[in-house]
Amino acid sequence: MSTATRYARLRQTLDETCKKCGRDPKEVKLLAVSKTVDLNQVELAMSAGARCFGENRPDELLRKQAAFPECEWHFIGNIQSRRIKDIVSAATLIHSVCKREHLHKIDQAAKEQGKIQPVLLEVNVSGEESKSGFTPDEVYDALCEAARYENIEVKGLMTMAPRADKDAIEYTFSGLEQLKAQLQAKLDEDKQGVTLSEVSMGMTEDWPEAIPHGATIVRVGRAIFDDSFE
Ligand SMILES: *Cc1c(COP(=O)(O)O)cnc(C)c1O
């Protein structure tokens with residue numbers, strides 16, 4: 001099976017999963033995580049309709065965005081301060097903001113480049129030490145800080161579930177759903193002017209679990225680009 005077929009089949013399964021839980025498939029973006037593949041594979045996914053791609057390294061983000069500027073290029077990787085200008089220059093959406101000091105730098109870079117940078121804040125719902133992200137207790141203050149920056153638009157939250165443990169996956173995705181509702185209520189009460197419309201969660205192994213809990217972006221790499229996924 002080819003990348004194009006895997007992409008088309010996955011989009012179809014995603015649409016069916018949305019309908020089963022009473023959601024409109026148009027609400028859920030399939031982000032094709034192309035971090036392990038080259039431009040030819042990106043092109044094959046595009047031939048099946050893919051227009052949104054995810055990268056976790058700044059150099060690859062820049063290279064692929066320059067090759068296919070008609071697509072959306074999302075940054076989903078670890079953010080290093082010294083690469084923030086590059087990331088801002090190419091990213092449609094940054095999913096992985098997990099340090100408050102980076103907010104200030106993203107705002108400055110966006111200002112210099114004359115853009116408003118959409119971002120998501122990454123939350124470590126499961127509390128695993130190996131995972132990055134704000135703790136659930138820290139997110140509210142970080143959201144309020146982000147809201148004060150003129151050149152940042154906070155669009156929502158992102159999380160990653162622990163690998164291969166059904167209970168932990170469910171706990172993580174339902175946890176982010178509940179946290180989002182609580183944060184939105186508090187943001188409205190405090191008139192912060194922030195709407196958490198995007199929820200980025202779910203990958204190859206666990207995306208079907210993320211849909212019933214309100215994911216609006218699933219980030220899928222191997223199920224699209226890996227030949228061993230049939
Ligand atoms: C690599 C990666 C993905 C995609 O993972 P797959 O298991 O290949 O679907 C999603 N999100 C992040 C942050 C990643 O680094």
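The values are calculated or read from the model by the stated rules, or taken from the named source; none is laboratory data. If you're wondering where the values come from, they're calculated on a predicted model, not measured in any experiment. Backbone-built Cβ (ideal geometry, glycine too); neighbour counts: all protein chains shown. Ligands, DNA and RNA are excluded from the accessible area calculation, which covers all protein heavy atoms including side chains. Shrake-Rupley method; radii C 1.70, N 1.55, O 1.52, S 1.80 Å.
Could you list, ordered by first residue, the pairs with Cβ atoms under 7 Å in which the first is in region 39-62 and more than 14 Å from Thr92 (Cβ to Cβ) and the second is β-branched (Val, Ile, Thr) and in a loop (DSSP other than H, G, I, E, B), at least 6 apart or interchain?
From region 39-62, the pairs are Asn56/Ile76.
Give region 14-48 a look and list any residue that's exposed (fewer than 14 other Cβ atoms within 10 Å of the Cβ), in a helix (DSSP H, G or I) and among the polar types (S, T, N, Q), or say none. Quick ask: steps written out before the conclusion?
Of the residues in region 14-48, the ones exposed (fewer than 14 other Cβ atoms within 10 Å of the Cβ) are 16, 19-22, 24, 26-27, 36, 38-40, 47.
In the following step, the residues that additionally are in a helix (DSSP H, G or I) were identified as 16, 19-20, 26-27, 39-40, 47.
Asn40, Ser47, listed by residue number.
So which pairs qualify, if the first residue must be in region 214-230 and at positive phi, the second must be at pLDDT 95 or above, the Cβ gap must be under 7 Å, and the two must be at least 6 apart or on different chains?
Qualifying pairs under 7 Å: Gly214/Glu177; Gly214/Val199.
Any idea which residue in region 69-84 is farthest from Arg100 (Cα to Cα), counting only those that are within 18 Å of the chain's Cα centre (by Cα) and away from the ligand (no atom under 16 Å from the Cβ)?
Step one: of region 69-84, the residues within 18 Å of the chain's Cα centre (by Cα) are 71-80, 84.
Those still in the list that are away from the ligand (no atom under 16 Å from the Cβ) too: 71, 84.
Numbers: Cys71: 29, Ile84: 13 Å.
Once the filter is applied, the top-ranked residue is Cys71.
Return a yes/no flag: does region 91-113 have any residue that is more than 16 Å from the ligand (Cβ to nearest atom), in contact with a Leu (Cβ under 8 Å, 6 or more places away or on another chain) and within 29 Å of Glu189 (Cα to Cα).
The answer is no; no qualifying residue exists.
Can you tell me which residue among Glu205, Glu170, Glu177 is in contact with a His (Cβ under 7 Å, 6 or more places away or on another chain), in contact (Cβ under 8 Å) with a residue 24 or more places away in the chain and open to solvent by 50 Å² or more (accessible area, probe 1.4 Å)? Before the answer, list the steps.
Details: Glu205 fails: in contact with a His (Cβ under 7 Å, 6 or more places away or on another chain); Glu170 fails: in contact with a His (Cβ under 7 Å, 6 or more places away or on another chain).
Just one listed residue meets the conditions, Glu177.
I want to confirm something. Restricting to region 58-103 and keeping residues that are in a helix (DSSP H, G or I) and touching a His at 6+ places or on another chain (Cβ under 8 Å), which single residue is least open to solvent (accessible area, probe 1.4 Å)? Working first, answer last.
Initially, region 58-103 is screened for residues in a helix (DSSP H, G or I), giving 58-67, 81-90, 100-103.
Imposing the further condition that a residue be touching a His at 6+ places or on another chain (Cβ under 8 Å) reduces the set to 81, 84.
Details: Ser81: 49, Ile84: 6 Å².
For region 58-103, the residue satisfying everything is Ile84.
Give region 202-228 a look and list any residue that's more than 7 Å from the ligand (Cβ to nearest atom), under 18 Å from Gly156 (Cβ atoms) and assigned to a loop (DSSP other than H, G, I, E, B), or say none.
Passing the criteria: Gly202, Ile211, Pro212, His213, Gly214, Ala215, Thr216.
Considering every residue within region 31-38, establish whether at least one is within 20 Å of Val199 (Cβ to Cβ), in contact (Cβ under 8 Å) with a residue 24 or more places away in the chain and more than 14 Å from the ligand (Cβ to nearest atom).
no
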